[in-house]
Structure formats: structure tokens, C-alpha cells
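Peer 1: Mind looking over this structure? Questions follow.
What follows is calculated from the coordinates using simple rules that are stated; it is not laboratory data. Since this is a predicted model, take the numbers as computed values, not measurements. Neighbour counts run over all protein chains shown; Cβ positions are idealised from the backbone, glycine included.
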Amino acid sequence: MYDAPSLENTLDQKAIKIAATDVQVYYGDTHAIKDVSVQIQDNTVTAFIGPSGCGKSTFLRCLNRMNDTIDICRVEGKILLDNEDIYDPKVDPVQLRAKVGMVFQKPNPFPKSIYDNIAYGPKIHGLARTKAELDEIVEKSLRRGAIWDEVKDRLQSPGTGLSGGQQQRLCIARAIATEPEVLLMDEPCSALDPIATAQVEELIDELRANFSVVIVTHSMQQAARVSQKTAFFHLGNLVEYGDTSQIFTTPVDPRTESYITGRIG
Amino acid sequence: MSDKHIASVFDRDLETIQAQIMKMGGLVEESILKAAQSLEERDEELAESVRSADIAIDELEDLINENTARLIALRAPAAVDLRVILTVMKIASNLERIGDYAKNMAKRTGVLVQMTPINGSYSALRRMAREVQLMLKDALDAYIQRDAELAMDVIHRDQDVDQMYNALFREFLTFMMEDPRSITACMHLHFIAKNTERMGDHVTSIAEQVVYLVTGKMPEDNRPKGDQTSVDVALGKV
């Protein structure tokens, strides 16, 4: 059987894109993330799995400082993106989020045209000087989002008029329009049907060539299908992190084994 | 780790296929012993019962293959569950092969009862079959108890079976050289010995599956190979 993930992981070790060391997250008095250290590779899909409330989404949101928007949330420890501390006071979170894009659980297109949904980010970040350049970015992003053929004749129709799966691919296209280096995805397929899910998964695999992708998912099968690395979170701890093929065949920690085989932990 | 799945029907399915493997193993053990007994006691009726039991063994293998395919499709097993299913499939196929060898032994019994018995070799063959049956019993016990140590012990014991085969090989060779009229019987007996030795190899393979099931890795050390006689003969070393 063709086993791309393990083959690739043995052949070349990818560069480290994000290095997190001893990260702690508190929501008020609640200690939500405890001593998490993880190195996320470039050009790799990394899946975060774990039961609800284990901290995987919280940790994901630390990676582009989405937690800054929550007043009672406090993040400690070090998170380096290309060896630069993203929590350094000099870092502008808006610029950071252009580099670290995010796709959410529910497709959330802007109530604007398909074209404007994609063009908005590049415009505010000044990535296009002319209309022609902007057109180019829009087309390129929609193509990379694997939705161009379906929407090219109706770019001025509202994004909200698309089907759920199309909306999600539109949101992914929007997220990659600003040329991010890392793409964070929080349950990107949970609202999609199996066909749309397969399309998004295929897209994730293609995106890996250019980005480092981190995906939070409740579907173990999805983690197994799309990722090369898997991190298992439980009660705020990172229990196990390793090659996806290893995690799903011979997990080291009994808690990982309990979770992935559907036993009560 | 808790033993129980949240989906209790998955537990029941896994238990069912493991019970089926044990049932199949039990039938195969019985066939080995009966085939060897029928040979020694020149009991054609007993030999016939081994041949009919092989049908039941084959049917169980089909059933197990069907059930494992269904579990893979419906449950997408991972980690230890996946290893249970993979090993069940392989063990079923090993057991089926062993059953075939027992059936073959019983068939030769039918031929051999027509011939003059060869002194002493029947009881030696029966001892060898008995040893293989004991190894199989331990391998299946090791499977149920998830006991990798016992499985490794079985793997090492295959050497004894190989040596028994070597001794019989030399013995049959001597008989045939001394009295060419014994060649037909000795050829049959040699095939029986060789097939019993092959049963031992299949039991070893079952034991290796147990090690894989428990540890996630195939046993590493290369087990000692005791079966060199026929090669040595070909090379003129005997």
C-alpha cells in the first residue's frame, strides 16, 4: 500500500516552521494549556486531535494570537515563527495573521461578492497596486482553493449564495489570498458533506506544497487521511506527538491508544 | 487503558472473530492429533474423519475473512484493534494451511495401510505431530493471553521439530537404501514428516503474529533454522 506520510518523513526532515516551548494558557483561573512544547514542520499537515475541551483549539488559536481578542486569556511561554517570537510586543498581530491564516469551523464568507471576499485581504495589506494585479490574485487564490471553475462566471454574486462546501473552499481561498506561510484550520469540514469534505481534504494536501497546515479535527479518520504529523491533546496536555502513521498504528501512550480506538480514556 | 469500546457492538464483534479463531484452532489441533493417531493405529475411519473436519476448518476461515472485512469497512480500526484484525486474518490463513497438511497426512494413511509398516517411524511421526500440536496450543494460548514471551518460546521450539524432521529424513533415507521395496512407503512417510515440519513453520508464524499483536513489531531475532538436512544431502554432505 502506498504510504506517503511515513515515506516522506523518513526521506527528508522538513524545516521547523513553528516552535512552541512550554506554552501555558489561562482563561482567568482555568489552566487550559499546560507546558505544551511542539515543533511544527514546514510543508507538512499537522493534525491536532483530542476530546472536546482538551485544549487543541485553544492552542491552535495561540499560533496566530487569536486569543488576544479574549480579555481574560493569558498566554505564557514561547512561540517562534521562523525563529521570531510572535508574542514579542513589536509584532503587529494584524501582520502576523496575514502570515498565519485561519479557516474556521463554519464557513463565514463576508456578505459581499465572491470577488470581494478574496480581494479584501490583499487590498488592506497592499498586495496589489492595480486592478489587473488584484484580478490576478483573485483568480490564483480561487484556483488554489479548487473553486475557480465553479465560480468564475459569477464573481460578482454574493459569496453567501454558494453551497456550504463551496463557501468553505471560498474561505480557504480567502485565507490563502494574502500569501500566508501557515494555514490554521479549526474543524474545517465539520459542516460539510462527504463530497465537499473530500474536496477540502484534497485541497489541504495540495496546499501542503506551499504552506505549513495545522488542522484541528474531531474526525480521527480525517486526521489519519490528511496529516503527516499528529498531536494528541488531553486535559490541556500534549500527550503524544509523532508521525501520523505511528500514532494510528502503534501509539506509545495508553491515553492515545484509548482515544483513537474509541475506548473510554 | 480501559478494555471496553464506547461502541459496545465493536467489542462484541472483536470477541466474536477471536472466538472463531479459537474454535478453528481447536479443530486444527484435533486434526493434527487424529491424523497422526490414524497413521500409527492404521485407522482408516479416523483418517476419514480428519478429511471431513477440514471442510469445517475451511468454512471457518471464510467466515473469519468475511467478518474481518466487515469490521474494517464498518469500524475503521486503529492501533491495537487494527492489529487484532490483521493478526486474526493471518492466523486464520496459517491455521487453514496446517489443516490442509493434517488432511494430507490422513490421505496418506489411506495409502499406507495397504503397505507393510516401517518399523518405529509411525510413533516418531506421532511424537513430532504431538509436539507441533502442543506448540499450536501454546501459540493460541499466547494469543488469548496476549503473552509475547510464551509466543517467543513457541518460536524457539520450532527448532526441535526441525531436528525431529532431520532425524526422520536420515532414517527414511537409510531404509530406502537398505530395501528398495520400502521406497513407496518411505516417500509417503517422508512427505508426512516434511508436512509436519511445515506445520511447525506455520505455528511459528502464528506465534510471530502474537508478538506483533502485543508489541506492534515483528520479532527481531532470526530464529534458529534447524532444517538443513535436505540441502546438505543435495550438496553431498550427508
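Peer 1: Tabulate in residue order the Karplus-calculated ³J(HN,Hα) for segment B:130-137, using 6.51 cos²θ - 1.76 cosθ + 1.60 with θ = phi - 60°, rounded to whole Hz; enter x for Gly and Pro.
Peer 2: Coupling constants for segment B:130-137: 4, 4, 5, 5, 5, 4, 5, 4 Hz.
Peer 1: For A:GLN95 and A:SER219, what is the calculated FRET efficiency with R₀ set at 22 Å and r taken between the beta-carbons, to the nearest 0.05?
Peer 2: On the way: r = 33 Å, r/R0 = 1.48.
Efficiency for this residue pair is about 0.10.
Peer 1: In whole Å, what is the distance between the alpha-carbon centres of segment A:213-265 and segment A:58-91?
Peer 2: Cα centroid to Cα centroid, the span is 24 Å.
Peer 1: Go through segment A:132-139 residue by residue and turn each phi into a ³J(HN,Hα) via Karplus (6.51, -1.76, 1.60, θ = phi - 60°); whole Hz please, and just put x for glycine and proline.
Peer 2: Once θ is set to phi - 60°, the couplings for segment A:132-139 become 4, 4, 5, 4, 5, 4, 4, 5 Hz.
Peer 1: Between B:ALA19 and A:ASP153, how high is the FRET efficiency from 1/(1 + (r/R0)^6) when r is the Cβ-Cβ distance and R₀ = 51 Å? Nearest 0.05.
Peer 2: Working: r = 60 Å, r/R0 = 1.18.
The pair B:ALA19/A:ASP153 has a calculated efficiency of 0.25.
Peer 1: Something else about it: Using only alpha carbon pairs under 8 Å that are at least six residues apart, calculate the relative contact order of chain B and give it in whole percent. Walk me through the numbers before you get to the answer.
Peer 2: Values: 279 pairs, mean separation 57.4, N = 238.
The normalised contact order for chain B reaches 24 percent.
Peer 1: What whole-number volume per residue, in cubic angstrom, does the convex hull of the C-alpha atoms of segment A:4-260 give? Can you show the working numbers first?
Peer 2: On the way: hull volume 33.3 nm³, N = 257.
Looking at segment A:4-260, the number lands at 130 Å³ per residue.
Peer 1: So, one more: Order of A:CYS73, A:CYS171 from fewest to most other C-beta atoms within 10 Å? Please list the in-between numbers first.
Peer 2: Details: A:CYS73 18, A:CYS171 26.
With the sparsest Cβ surroundings first, the list reads A:CYS73, A:CYS171.
Peer 1: Right, something else. So if the hydrodynamic radius of segment B:1-150 is defined as the Kirkwood radius over C-alpha pairs, what does Stokes-Einstein give as its diffusion coefficient at 20 °C and 1.002 mPa s, in µm² per second? If you can, show how the numbers build up before the last one.
Peer 2: On the way: Rh = 16.7 Å.
So the translational diffusion coefficient is about 128 µm²/s.
Peer 1: In Å, what Rg and Dmax follow from the Cα atoms of the protein assembly as shown?
Peer 2: Radius of gyration, then largest Cα-Cα span, for the protein assembly as shown: 31.9, 102 Å.
Peer 1: Taking the beta-carbon count within 10 Å as an exposure proxy, list A:ILE79, B:ILE55, B:ILE32, A:ILE247 from fewest neighbours to most.
Peer 2: On the way: A:ILE79 22, B:ILE55 11, B:ILE32 25, A:ILE247 28.
In increasing order of surrounding Cβ atoms, one gets B:ILE55, A:ILE79, B:ILE32, A:ILE247.
Peer 1: When chain A is treated as a GNM, springs tying every alpha-carbon pair under 10 Å, which of A:VAL25, A:VAL213, A:VAL182 comes out with the largest mean-square fluctuation?
Peer 2: Sorting by GNM fluctuation, first place goes to A:VAL25.
Peer 1: Using a 7 Å offset from Cα along Cα-Cβ at B:ARG146, what residues in segment B:15-57 end up with backbone N under 15 Å from the label point?
Peer 2: Once the point is set 7 Å along Cα→Cβ of B:ARG146, B:15, B:18 turn out to lie under 15 Å by backbone N, inside segment B:15-57.
Peer 1: Residues of segment B:25-68 with the amide nitrogen closer than 13 Å to a label point 7 Å from the Cα of B:SER123, along Cα-to-Cβ, please.
Peer 2: Once the point is set 7 Å along Cα→Cβ of B:SER123, B:40-41 turn out to lie under 13 Å by backbone N, inside segment B:25-68.
Peer 1: Additional query: For the pair B:THR215 and B:GLN163, how long in nm is the line joining their label points, each one 7 Å along Cα→Cβ?
Peer 2: 2.4
Peer 1: Please list, in order along segment A:161-173, the HN-Hα scalar couplings obtained from phi with the Karplus expression 6.51 cos²θ - 1.76 cosθ + 1.60 (θ = phi - 60°), rounded to whole Hz, x for Gly and Pro.
Peer 2: Once θ is set to phi - 60°, the couplings for segment A:161-173 become x, 7, 6, x, x, 5, 4, 5, 5, 4, 5, 5, 4 Hz.
Peer 1: Another question about this same structure. Looking at segment A:4-260, send over the antiparallel percent of its DSSP beta bridges, to the nearest 5. Display every interim value, and only then the final one.
Peer 2: Values: 25 of 42 bridges.
If I count the DSSP bridges inside segment A:4-260, around 60 percent turn out antiparallel.
Peer 1: Given the Cα-Cα distance of B:ARG70 and B:ILE183 and 0.36 nm per residue of separation, how much length would full extension add, in nm?
Peer 2: Numbers: separation 113, 0.36 × 113 = 40.68 nm, distance 4.97 nm.
The span from B:ARG70 to B:ILE183 would gain 35.7 nm if fully extended.
Peer 1: I'd like the trypsin sites (Lys or Arg not before Pro) in segment A:57-148 restricted to DSSP loop residues with at most 15 other Cβ atoms within 10 Å, sorted by number.
Peer 2: On the way: sites: A:ARG61, A:ARG65, A:ARG74, A:LYS78, A:LYS90, A:ARG97, A:LYS99, A:LYS112, A:LYS123, A:ARG129, A:LYS131, A:LYS140, A:ARG143, A:ARG144; in loops: A:ARG65, A:LYS90, A:LYS112, A:ARG129.
Those that pass, being in a loop and sparsely packed, are A:LYS90, A:LYS112, A:ARG129.
Peer 1: For the protein assembly as shown, what is the calculated [θ] at 222 nm in deg cm²/dmol (nearest 500), taking -39500 (n - 2.57) for each run of four or more DSSP H residues and dividing by its residue count? Walk me through the intermediate numbers first.
Peer 2: Numbers: 18 runs with 294 residues, N = 503.
Using -39500 (n - 2.57) per qualifying helix, the result is -19500 deg cm²/dmol.
Peer 1: Describe numerically, in nm with one decimal, the distance between label points set 7 Å from Cα along Cα→Cβ at B:LEU173 and at A:ASP68.
Peer 2: Those two pseudo-labels are separated by 8.4 nm.
Peer 1: Also, quick follow-up: Mind jotting down the distance between the C-alpha centroids of segment B:58-78 and segment B:144-196, whole Å?
Peer 2: Using only Cα atoms, the two centres lie 34 Å from each other.
Peer 1: Still on this structure: Taking H placed 1.01 Å from N in the peptide plane, check which residues at least 5 places from A:VAL45 or on another chain put their amide H under 5 Å from its amide H.
Peer 2: It is A:VAL213, A:GLN228, A:LYS229, by chain and number.
Peer 1: Fewest to most neighbouring Cβ within 10 Å: what's the order for A:TYR115, A:TYR26? Write out the running numbers ahead of the final one.
Peer 2: Details: A:TYR115 19, A:TYR26 14.
Lowest to highest Cβ neighbour count: A:TYR26, A:TYR115.
Peer 1: Please work out how much length the chain gains when fully extended from A:ASN210 to A:GLU181, using 0.36 nm per residue of separation minus the C-alpha to C-alpha distance, in nm with one decimal.
Peer 2: Details: separation 29, 0.36 × 29 = 10.44 nm, distance 0.76 nm.
Full extension from A:ASN210 to A:GLU181 adds 9.7 nm.
Peer 1: A follow-up question, please. Which FRET efficiency value, to the nearest 0.05, is calculated for A:ALA132 and A:HIS31 with the Förster distance at 60 angstrom and r the Cβ-Cβ distance?
Peer 2: Working: r = 52 Å, r/R0 = 0.86.
For A:ALA132 and A:HIS31, the calculated efficiency is 0.70.
Peer 1: Total Lys pairs in chain A closer than 12 Å by alpha-carbon, pairs eight or more apart in sequence or interchain only? Numbers along the way, then the final one.
Peer 2: Values: A:LYS14/A:LYS229; A:LYS17/A:LYS99; A:LYS34/A:LYS56; A:LYS123/A:LYS131; A:LYS140/A:LYS152.
Total qualifying Lys-Lys pairs in chain A comes to 5.
Peer 1: Something else about it: What base-10 log of the normalised intensity I(q)/I(0) is obtained for segment B:100-187 from the Debye formula, alpha carbons as equal point scatterers, at q = 0.17, 0.24 Å⁻¹?
Peer 2: The Debye formula, applied to the Cα set alone, gives -0.80, -1.21.
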